[in-house]
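Below is one structure, written out as structure tokens; comments come after it.
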Amino acid sequence: MILSLRQAIVQRVEGKSNDELKEIINDSIDGQEQALPGLGVLFEVIWKNIDSEKQSELVSALHDHLT
């Protein structure tokens, strides 16, 4: 069975507690560049599962920190 990178990342974090997920994210931020695709997949999961108001808040936060 061949998993896509996206599937492998999701399987790696499935069943983790909130604390474990936070630790994974914190360890990945400012870490090695190999972690960036994983963070992208996690962001995609978040993005697909929040309403448009929260999406707008995230975009505004990103915009504010990039300008």
What distance in nm separates the simple spin-label points at residue 8 and residue 60, each placed 7 Å from Cα in the Cβ direction?
3.8
Applied in sequence order to region 36-42, the curve 6.51 cos²θ - 1.76 cosθ + 1.60 (Karplus, θ = phi - 60°) yields integer Hz couplings, x standing for Gly and Pro, of 4, x, x, 5, x, 5, 5
Report, to the nearest 10°, how far helix 52-66 tilts away from the longest principal axis of the Cα atoms in the chain, using its own Cα long axis and a range of 0 to 90°.
80
What's the angle, to the nearest 10 degrees (0 to 90), between helix 18-28's Cα axis and the longest principal axis of the chain?
80
Give the peptides 31-38, 15-22 in descending order of average Cβ contacts within 10 Å, highest first.
31-38, 15-22
How large is ³J(HN,Hα) for each residue in region 46-51, as worked out from phi by the Karplus curve 6.51 cos²θ - 1.76 cosθ + 1.60 (θ = phi - 60°), to whole Hz, x for Gly and Pro?
4, 4, 6, 10, 10, 7
Structure-derived Cα Rg over 2.2 N^0.38 Å: which label, when the choices are (i) 1.02; (ii) 1.24; (iii) 1.18
(ii)
Under a 1.4 Å probe, what is the accessible area of the chain per residue, stated in Å²?
87
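The values are calculated or read from the model by the stated rules, or taken from the named source; none is laboratory data. What you see is a predicted model, and the numbers here were worked out from it, not measured in a lab. Using ideal geometry, Cβ is built from the backbone for each residue, glycine included, and neighbour counts are taken over all protein chains shown. Accessible surface areas use protein heavy atoms only, side chains included; no ligands, DNA or RNA. Shrake-Rupley method; radii C 1.70, N 1.55, O 1.52, S 1.80 Å.
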